Amino acid sequence: MPWDVLHVGLAKHLPLTFGQTVVAPEADNPEVNVGTGSLNSERFGGIVTAFMGALQAQRVPWGTLDVRENVRFFGGNLAQWVHENYPETGTVLALEFKKTFMDEWNGIPDEEHLRALNAALRETVPATLAALDKLEAP
């Protein structure tokens, strides 16, 4: 089914008139959800804390990022596989971004928004690596 036909079909079921926007409740939808559902938080919790703290500390053009853990997404198959197969050495932070970086109706990304998210993510590397360095060898 073509994308535009799907949108038209969905629009028939939305209680909106032309020009209105549905806004998801902020409490249930952080801008960045860090999925750690299968992560050994006792061993790797410091890495999660360091990454999330570093990302929340970044200033973006629209303010600060709402970064929370396991709100709507707990991680997927890759994270679970890594955590099961490498429980002492493997860690995956499964990131889910709210679609504030694009217009979902036409699929056009907001390049400035994407650049800001990219820069914010880059700035998490030093803190995340420092937390990783604090782990004791298995």
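Quick one: is residue 68 modelled with pLDDT of 95 or more, more than 20 Å from residue 126 (Cβ to Cβ) and either open to solvent by 70 Å² or more (accessible area, probe 1.4 Å) or not in a loop (DSSP other than H, G, I, E, B) (or both)? Yes, satisfied. Among the residues of the range 36-56, just one is open to solvent by 70 Å² or more (accessible area, probe 1.4 Å) and over 21 Å from residue 136 (Cβ atoms), namely 56. Taking the range 94-112 as the range and being touching a helix residue (DSSP H, G or I) at 6+ places or on another chain (Cβ under 6 Å) and at pLDDT 95 or above as the test, only 94 passes.
The values are calculated or read from the model by the stated rules, or taken from the named source; none is laboratory data. The shown structure was predicted, so the numbers you read here are calculated from the model rather than taken from an experiment. Counting neighbours? That spans all protein chains shown, and the Cβs are built from the backbone with ideal geometry, glycine included. Accessible surface areas use protein heavy atoms only, side chains included; no ligands, DNA or RNA. Shrake-Rupley method; radii C 1.70, N 1.55, O 1.52, S 1.80 Å.
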